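Just so you know, all these numbers are worked out from the coordinates, no wet-lab data involved. Just so you know, these numbers come straight off a predicted model, no measurement behind them. Cβ placement follows ideal geometry from the backbone for every residue including glycine, while neighbour counts extend to all protein chains displayed.
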Amino acid sequence: MKIIGFDKCRVSMLVDLLEIGTRDGLYFPGAATLLQSKFNFISIPQPASQANPKEVLCFEHGFFNYEGRDINIRAFEIYPHGLVAQAADSNAAEIFLDEFSAFATAELGQVAEGLIGRKFFASSLMVQFDKEANGFLSANEKIIALFSNHLKATYGLEQKAELSRISMRPDPDKLNARVGSLLTEFTLERRINAPYEDQKFYSTAPLRTDDHIAFLQKIEKLALN
């Protein structure tokens, strides 16, 4: 399997902002300027007001140096009940959230312990498999053949059906409401406008980027067995 490209990753941290505020409150313009200076955000949000209330504050396109490595952050969103960092991979997003927690404690007077919340992951990337992807559905070849026969009978198509997309997730009705809303599906679908024989797929998963890649590698091995 070859990684063609990394699309995006989102790391969400469940945090109740009311639990980490101080008695003195927070002067938003000054805090936003400090955050922009620390992480070099190009775009910062305007503060909410009674006339223009906001559920989310979004900082966009930032970067910072971490242990000799440039970390790029596409967006940092602050919600009443959580923080969301978007980057090319989950490692960068997690590093940012850790750095933000330390920054908020040192510069904004927030409580570090309150900024440590449960994390949820969503990563997307494009891969190219070495083997024929229909092997993933080897246990369901009869279903593929049955569908192909229906297509032939209905449209006269001689070309058999092939794997186009698979997806899976736990039943959201059996999950905590907040967990169910944040836990994304695992999907694996063929790249749009790419011939099937190229074996190029776009995949999303509620996993760290490295775990996502490892999972896809294991899927590919299943096709060889």
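Label zone of His81 (point 7 Å out along Cα→Cβ, amide N under 11 Å): in segment 165-188 this covers 177-182. Using 0.36 nm per residue and subtracting the Cα-Cα separation, the extra length available between Arg118 and Asn149 on full extension is 6.3 nm.
Between Leu17 and Asp98, the distance separating the two model label sites (each 7 Å from Cα on the Cα→Cβ line) works out to 2.5 nm.
Figure legend: label point modelled 7 angstrom from the Cα of Met1 along Cα→Cβ; residues of segment 195-211 with amide N under 19 Å from it are 196-211. As a rough footprinting exposure proxy, the listed residues Ile4, Ile73, Ile44 were ranked by other beta carbons within 10 Å of their own, and the order from fewest upward is Ile4, Ile44, Ile73.
Using R₀ = 30 Å, calculate the FRET efficiency as 1/(1 + (r/R₀)^6) where r is the Cβ-Cβ separation of Asn91 and Phe28; round to 0.05. Could you put the intermediate results ahead of the total?
Details: r = 30 Å, r/R0 = 0.98.
It comes out at approximately 0.50.
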